[in-house]
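**Q** Structure provided below as structure tokens; questions to follow.
The values are calculated or read from the model by the stated rules, or taken from the named source; none is laboratory data. Please read all numbers here as calculations on a predicted model, not as lab measurements. Cβ placement follows ideal geometry from the backbone for every residue including glycine, while neighbour counts extend to all protein chains displayed. For accessibility, only protein heavy atoms count, side chains too; no ligands or nucleic acids. Shrake-Rupley method; radii C 1.70, N 1.55, O 1.52, S 1.80 Å.
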Amino acid sequence: MSKHLIHLTVNGKEHELTVASNELLLNVLRDRLYLTGSKYGCGVGDCGACSILHGDESVLSCLVLAVEADGWDITTVEGLADGDQLNPVQQAFLDNSAVQCGFCVPGMVITSTALLRENDDPSEAEIKDYLRGNYCRCTGYVAMIKSVMDAAAKMRGE
Amino acid sequence: MTVIGTDVARLDGIAKLTGKQQYTGDILIPGMMHAVLLRSPHPHAEIIKIDTSEAEKMGAVCLTYDDILINGQAVVYNERSVSVPAATYRDRTILPNKARHLYEPIAAVAADTEELAYKALQAVKVEYRVLQPVYDPQEAMEEGAPQLYDKVYLGDKEVDICNNIGVSRNISQGDVEAGFARADRIFEQDFELPRIYHAQLETKGCVVAPEPDGGITVWATAQSIHGNRQLLGRALNLPLSKINVKKIAIGGAFGSSIQVNTVTPICAALALKARRPVKLISSREEDFYSHQKYPVRFHVKMGVTNEGMITAAELSALVDFGAHQVQPLPFLGCVAGWFASLYQYGGNIGFHGTAVYTNKTPCCAMQGYGNPQTNFAIESMIDIISGEMGFDAIEFRLKNYRGVGHEFWGQGPTIRTIIKSCGVEESLLKGREIMGWSGRGRHTDKQGRIRHGLGVARGFHTSGTGGPKEGEVIDYSSAFIKINEDGSVDVVTPVMDLGGGTWDAIAKFVSEVLQVPLQRVGLSPTDTKSTAYDVCTHATRGVYCGGGAAYHVALEVRKKLLETAGRLLNEHAENLELVRDDDLGQGVVYVKGLRDNQMTVGEIARQAQINSWGTLQYAGSYRQKNCPPCFTTHFVEVAVDTLTGEITIPKVLIYGDCGTVVNPELFGGQLIGSFGRGMAYTLYENLTMNEEGGFTTKPQAASEPIYTSQPVKDGELLNHGALADYKLPTSSEMPLIENVLVRHTDTYEPTGPFGAKGIAESAIASVQAAIANAIYNAIGIRFYRLPITPEIVLQAIQKKAVK
Amino acid sequence: MGSRILLSDFAYLAPTTLAEALQILAEKQAVKILAGGTDLLLRMKLGTISHVDYVMDIKHIKELNYACLCDEKQCGSTANGAFCIGPTATLNQIAKNGDLSRLFPAQREAILAMAATSVRNRGTMAGNICNASPVADSAIPAICYGAALTLQSRRGKRIVALEDFFRGPGETELEKDEMLVNIALPVPPADSGAAFIKKSRVKPDIAKISLGVFIERDGTLIKRCRIAMGSVAPLPLYVQKISEGLAGLEMNEQLIAKTAQMVKAALKPISDLRTNQEYRRAISSVLVEEGLRLAWRNAGGELK
């Protein structure tokens, strides 16, 4: 076991932490920074519930060592909204009733946000492809896909 | 304007979208310990000795069988408590002294960190006496098969278990033999449905904090807070007043937490022993071994006249329910009920159900409680008969279905209701127009590599388990509602919302009855201490029963409000009108026809307070005395690749009949989500396990080499509990969104709040058969077993070509 | 049973130069190289990996992160140059590269067929290859394109053809002190084309079977063909004999059908939890036919 001093910027806030070599980023976010929005769903990168943004890219925090994330600029689901103003993806999910049990939702909105930062006009096929690593057992995805389309349109100013 | 039937942002939407919604695993308590479970590496073994001394030296607190004894006795219970005690089999204890399925928890360890808990767990030594397992339900009933139990309890009665048969039920009505004798043709067929897994996104977990008064506070993955409280009281011998189960969001259920989850009493016992808060969250791999869906083998027999009337029907069901009874007794009753309620069968119905113990993970309800299984068999059979006898599959259904005025068995033979609203005919007739039924063609006309087919099936589920008479199942709900002094309203309900929008429906009912703007209806965070009983959010009863109770309590509050207003306005309550005033942001009361003389609801409440008349509130329990069926119809188009056996679904039409639609988009969400799960059940999901060490080894399984990167234990799932190797459909497997058509029928349920009944579980009932029927229409091959994988399809196509 | 945390007890090393990394490999025992971690960490969680004392994160070695066209001979490139991929280049970094997409569309497709975007943002092609799984998607078209790997240790460098790199499930040509430092995809000549086809249970899944085809065309004749398949053998399979036998032959439907049958007859796949051997065999010919047609068309050829 080795211990490491790391620096993380999470949702704009800087943190200095000492982590053990085997600590996972997800558990550090949840148990040490109390950001419990990112969820454990499978622990092995299948379900997407632990997705976070590393810069603009979506990453599965259950498969990242905390020490690997030294120096990262991270956005978790808690950091997507600007005060009370939901981000366009969150707002579209709300408007389209795309939320049911909500457990996959943090990962789903994080991944959708990453998609729209990369592509502001994704086709339905591109959205489905992008979200295929985020399981939702409740909704059948349709309202979520529609939400991403709506959010994209809004971001394009349509 | 009414809020019923309008789309508004769901109450918990913002919390869920911003990561602020707490689920059980998000509860953090200072000083909390983390628990992990020691699980049996053998599917069947007696536990001779557990030595926890090394683990304890590491600072861990351990829980074994000896710790759960109360006066030297382990409390035997059933995790599921929605049935009356006399109809509940009890066979399990908090921890067992015999493991009956692979990875059954046999001890628990808590430590300061999860890592330390795992390390301590590795230091626990267990001595087993390994027993032979039995996996196949048929084999389990054979002479000489390993026995899981000698005796269990039915209610308070001790009952012997022979040949591993847990439950058998025979139910009949009319004269089946005479019915068959009247038929021109008799059809018989076997069907088989696999074990699958709920795959709710939140793994089951629990957090328990011991309180200074000797009680406990509990956060648990649960569909019923009161169910959890009562079981914990019984298992831990604590007064119920010392157990407070908090209502907390659940990350998907689908029936997986109707029963109290196995981890919950373990966590509570551990917390009491440790005298510290304990958190116990299952890993995904563990969750796979916690509960699964009932697999069923059916034999169906139906008699039909040349005129297209079904004269009698008989159904046999063999259920392999695993190592513990999470209530196959009501399950078999429900299977009989779903079967009996689909068609009239000339009033001649026979049902024979047998449910058998095997050394597998226990089965519990999963969306439909036997309904999707039964529906697949019966609705496939209807399609087979239509095809064989040359009937139009829709006309044949319309001739024979049970609709308004007929009896519906909402929860087995003891819970029955007369159908008062029914959208079956509308959905079939309109659906066939929308989907071009008449142009679907016959499979013999179809050519080319990709062949399209159109199939239909119809189904239903109950709305709750209430009835005019009490039966095998407990059903009532409660609510407490009060009007605050500014005209806003607090609603306290024990009902859980599993994600479908039950809470939104309850808030809307209250908003409508009390004419208070929806934004000013608050749903209180609550718990078992401050609510009266609700049985559980199961059986599609959230809106109809939970909402029904809130509706009736709201009516009482409205009565009080008008009486109080009458005193203040010097008018008889009956002459008063209550309407919502959106400009004022609250309700107003005035004398009918005299709008000038009005008071806002807030003014009335405030004045009642100033006059010391009391708060405008009411608390009550309410039982729905019906269990109206909510109906669904599925028209599914499939495309079959005849070279690879792959099946895709280009288009689907889903008709739902929930009476009045309360939350339209959430109604659609239920139907579409259920379609996705039904598609998965039909085409993808299956829990395959290594059965090598079973009572009699299956030759075909042994001859097939299995390569995995990990060794596979006897009784182990081949996917090793990984979601990646269990096939959940992703966004990519869904049809184009414009080709997922959702409609609701124009129906009104007179016994429901504002005409509403349920929808949830009905939404999956007929998906499976609709897909299988569409496949038959495409390629002329009938599949009697699920899942219908490309491997199976291709093999069948090749076999057909050889013929 | 413990995917919630990582139990294993290891020291984390983060060398900043290749030399340092090679020294660690040479001197320490039970070292695992961490690039994307999407495979390593999950296997460590599930305990399907042998004992690990050191996890060596190579992402701090700046010189190893690249995915670009390169004409240096050291990467074993042909006259046309090569597209070179460093060991820490992520799958998405590679797939999003314009040159790769233009010159190696089948490689791009295979990479995009893997898992899902969040995994590809971390996972690397080098990792996918070094895991030496018979189903390694990224290896299949790479074999067809004639990929060459550079393996380096303190003892020196050597170049190995990708198809010769695999020895069995999880086993490779790599010596204990060696590291894969470059993947070179030789730039294909004009009149060539490739295809990649994958069948899986659901979209992000590991393949039931996959196929890559590369064809260099000479008018209506096949000049050179390389067929590779995943999930049909203990290692990613280069279908060498049959591929080489196609050189100089006239491309037509009969040849396609015959080749497909030959491949099917030559395969000895196994059954596993993803599919069974019968199915693998049955659809292998369907895939080969589709792949040959597609690659031929992509090479500018016509089929009557």
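**Q** Scan the range B:98-149 residue by residue and report those that are open to solvent by less than 60 Å² (accessible area, probe 1.4 Å) and of a type in the set (D, E).
**A** Once the filter is applied, which keeps residues that are open to solvent by less than 60 Å² (accessible area, probe 1.4 Å) and of a type in the set (D, E), the range B:98-149 yields B:E104, B:E114, B:E115, B:D136, B:E139.
**Q** Now for a different question. Between a residue in the range B:591-606 that is on the phi > 0 side of the Ramachandran plot and any residue that is part of a strand (DSSP E or B) and open to solvent by 60 Å² or more (accessible area, probe 1.4 Å), which pairs come within a Cβ distance under 9 Å, given they are 6 or more apart or on different chains?
**A** Cβ pairs passing all conditions: B:G593/B:E577.
**Q** Here is a follow-up. Could you tell me whether C:L46 is crowded, with 16+ Cβ neighbours inside 10 Å and either within 8 Å of chain A (Cβ to nearest Cβ) or over 25 Å from the mean Cα position of the chain (by Cα) (or both)?
**A** Criteria met by C:L46.
**Q** Of all residues in the range A:21-40 being within 11 Å of chain B (Cβ to nearest Cβ) and in contact with a Phe, Trp or Tyr (Cβ under 9 Å, 6 or more places away or on another chain), which is farthest from B:M32 (Cα to Cα)?
**A** Result: A:N22.
**Q** Next question. If you scan the range A:18-40, which residues turn out to be open to solvent by 20 Å² or more (accessible area, probe 1.4 Å), over 21 Å from B:G205 (Cα atoms) and not in a loop (DSSP other than H, G, I, E, B)?
**A** Answer for the range A:18-40, where residues must be open to solvent by 20 Å² or more (accessible area, probe 1.4 Å), over 21 Å from B:G205 (Cα atoms) and not in a loop (DSSP other than H, G, I, E, B): just A:T18.
**Q** Tell me, yes or no, whether the range B:601-618 has at least one residue that is under 30 Å from B:T462 (Cα atoms), in the same structural domain as B:V491 (by TED's automatic domain parsing) and in contact with a Phe, Trp or Tyr (Cβ under 9 Å, 6 or more places away or on another chain). Step through it out loud before you land on a result.
**A** Pass one, the range B:601-618, residues under 30 Å from B:T462 (Cα atoms): B:618.
Imposing the further condition that a residue be in the same structural domain as B:V491 (by TED's automatic domain parsing) reduces the set to B:618.
Those still in the list that are in contact with a Phe, Trp or Tyr (Cβ under 9 Å, 6 or more places away or on another chain) too: B:618.
The answer is yes, given that some residue of the range B:601-618 is under 30 Å from B:T462 (Cα atoms), in the same structural domain as B:V491 (by TED's automatic domain parsing) and in contact with a Phe, Trp or Tyr (Cβ under 9 Å, 6 or more places away or on another chain).
**Q** Which residues, taken from the range B:370-405, are among the hydroxyl-bearing types (S, T, Y) and open to solvent by 10 Å² or more (accessible area, probe 1.4 Å)? Steps first, please.
**A** Pass one, the range B:370-405, residues among the hydroxyl-bearing types (S, T, Y): B:374, B:380, B:386, B:401.
Listed by number, the list holds a single entry, B:Y401.
**Q** Return the total of residues in the range A:68-89 being assigned to a helix (DSSP H, G or I) and either in contact with a Gly (Cβ under 9 Å, 6 or more places away or on another chain) or open to solvent by 10 Å² or more (accessible area, probe 1.4 Å) (or both). Steps first, answer last, please.
**A** The initial filter retains those residues of the range A:68-89 that are assigned to a helix (DSSP H, G or I), namely A:68-69, A:77-79, A:88-89.
Now restrict to residues that are either in contact with a Gly (Cβ under 9 Å, 6 or more places away or on another chain) or open to solvent by 10 Å² or more (accessible area, probe 1.4 Å) (or both): A:68, A:77-79, A:88.
Here the count works out to 5.
**Q** Still on this structure, please answer the following. Six or more apart or on different chains, Cβ under 8 Å: which pairs go from a residue in the range B:129-140 that's hydroxyl-bearing (S, T, Y) to one that's modelled with pLDDT under 95? Could you list them?
**A** If the second residue must be modelled with pLDDT under 95, the pairs left are B:Y135/B:M689; B:Y135/B:E691; B:Y135/B:G694; B:Y135/B:F695; B:Y135/B:G715.
**Q** Spot the failing condition for C:S231; the list is (1) surrounded by fewer than 22 Cβ atoms within 10 Å (Cβ to Cβ); (2) on the phi > 0 side of the Ramachandran plot, and only one is missed.
**A** (1)
**Q** Here is a follow-up. Just checking, how many residues over the range C:270-304 are within 14 Å of another protein chain (Cβ to nearest Cβ) and within 14 Å of C:A228 (Cα to Cα)? Lay out the reasoning, then the answer.
**A** Of the residues in the range C:270-304, the ones within 14 Å of another protein chain (Cβ to nearest Cβ) are C:270-291, C:293.
Checking which are within 14 Å of C:A228 (Cα to Cα) leaves us with C:284-285, C:287-291.
Count: 7.
**Q** Restricting the search to the range A:90-109, which residues are of a type in the set (A, V, I, L, M, F, W, C) and either surrounded by fewer than 20 Cβ atoms within 10 Å (Cβ to Cβ) or at the interface with another protein chain (Cβ under 8 Å from one of its Cβ atoms) (or both)?
**A** Just the residues of the range A:90-109 that are of a type in the set (A, V, I, L, M, F, W, C), to begin with: A:92-94, A:98-99, A:101, A:103-105, A:108-109.
Across the range A:90-109, the qualifying residues are A:F93, A:L94, A:A98, A:V99, A:C101, A:F103, A:C104, A:V105, A:V109.
**Q** Please go through the range B:521-547 and give me each residue that is out of contact with any Gly (no Cβ under 7 Å at 6 or more places or on another chain) and in a helix (DSSP H, G or I), ordered by number.
**A** B:G546, B:G547
**Q** In the range B:290-309, how many are open to solvent by less than 10 Å² (accessible area, probe 1.4 Å) and either among the aliphatic types (A, V, I, L, M) or within 29 Å of the chain's Cα centre (by Cα) (or both)?
**A** Narrowing the range B:290-309 to residues open to solvent by less than 10 Å² (accessible area, probe 1.4 Å): B:291-294, B:296, B:298, B:300, B:302-304, B:308.
Imposing the further condition that a residue be either among the aliphatic types (A, V, I, L, M) or within 29 Å of the chain's Cα centre (by Cα) (or both) reduces the set to B:291-294, B:296, B:298, B:300, B:302, B:304.
So the answer is 9.
**Q** Are any residues in the range A:58-67 part of a loop (DSSP other than H, G, I, E, B) and within 14 Å of chain B (Cβ to nearest Cβ), and if so, which ones?
**A** The first filter runs over the range A:58-67 and keeps only residues part of a loop (DSSP other than H, G, I, E, B), leaving A:64.
Once the filter is applied, which keeps residues that are part of a loop (DSSP other than H, G, I, E, B) and within 14 Å of chain B (Cβ to nearest Cβ), the range A:58-67 yields nothing.
**Q** I'm checking my understanding of the structure. Among residues of the range C:50-75 that are under 28 Å from B:G721 (Cα atoms) and modelled with pLDDT of 85 or more, which one is nearest to the other protein chains (Cβ to nearest Cβ)?
**A** The selected residue is C:V55.
**Q** Among (1) over 30 Å from A:V44 (Cβ atoms); (2) open to solvent by 30 Å² or more (accessible area, probe 1.4 Å), where does A:N119 come up short?
**A** Just one mismatch for A:N119, condition (1).
**Q** Of the residues that make up the range B:193-206, is at least one open to solvent by 10 Å² or more (accessible area, probe 1.4 Å) and assigned to a loop (DSSP other than H, G, I, E, B)? Please lay out each step first, then the result.
**A** Within the range B:193-206, the first condition is being open to solvent by 10 Å² or more (accessible area, probe 1.4 Å), and the residues that meet it are B:194-195.
Within this subset, residues satisfying the condition of being assigned to a loop (DSSP other than H, G, I, E, B) are B:194-195.
Yes.
**Q** Going through the range C:49-69 one residue at a time, which ones are outside any loop (DSSP other than H, G, I, E, B) and open to solvent by less than 30 Å² (accessible area, probe 1.4 Å)? First the steps, then the outcome.
**A** Initially, the range C:49-69 is screened for residues outside any loop (DSSP other than H, G, I, E, B), giving C:54-57, C:62-64, C:67-69.
If the condition is that a residue be outside any loop (DSSP other than H, G, I, E, B) and open to solvent by less than 30 Å² (accessible area, probe 1.4 Å), then C:V55, C:M56, C:D57, C:L64, C:A67 are the ones that fit.
**Q** Then there is this: Working only within the range B:535-556, note down all residues that are of a type in the set (A, V, I, L, M) and surrounded by fewer than 24 Cβ atoms within 10 Å (Cβ to Cβ). Before the answer, list the steps.
**A** So in the range B:535-556, the residues of a type in the set (A, V, I, L, M) come out as B:535, B:539, B:543, B:549-550, B:553-555.
Passing the criteria: only B:L555.
**Q** Identify, please: which residue in the range C:20-43 is assigned to a helix (DSSP H, G or I), open to solvent by less than 60 Å² (accessible area, probe 1.4 Å) and touching a residue at least 40 places away in the same chain (Cβ under 8 Å) and is, among those, nearest to the other protein chains (Cβ to nearest Cβ)?
**A** So the first thing to find is which residues in the range C:20-43 are assigned to a helix (DSSP H, G or I), and the list is C:20-27, C:40-43.
From what's left, open to solvent by less than 60 Å² (accessible area, probe 1.4 Å): C:21-22, C:24-26, C:40-42.
Imposing the further condition that a residue be touching a residue at least 40 places away in the same chain (Cβ under 8 Å) reduces the set to C:21-22, C:25-26, C:40.
On the way: C:A21: 16, C:L22: 20, C:L25: 18, C:A26: 20, C:L40: 9 Å.
Taking the candidates together, the pick is C:L40.
**Q** Another question about this same structure. Condition first: open to solvent by 50 Å² or more (accessible area, probe 1.4 Å) and within 15 Å of C:S284 (Cα to Cα). Now tell me which residues in the range C:243-268 satisfy that.
**A** Scanning the range C:243-268 gives C:K258, C:Q261, C:M262, C:K264, C:A265, C:A266, C:K268.
**Q** Could you grab me the full set of residues in the range B:733-763 that are part of a helix (DSSP H, G or I) and either more than 19 Å from B:L653 (Cβ to Cβ) or open to solvent by 10 Å² or more (accessible area, probe 1.4 Å) (or both)?
**A** Within the range B:733-763, the subset part of a helix (DSSP H, G or I) is B:733, B:737-739, B:753-755, B:762-763.
Hits for the range B:733-763 are B:E733, B:I737, B:E738, B:N739, B:P753, B:F754, B:G755.
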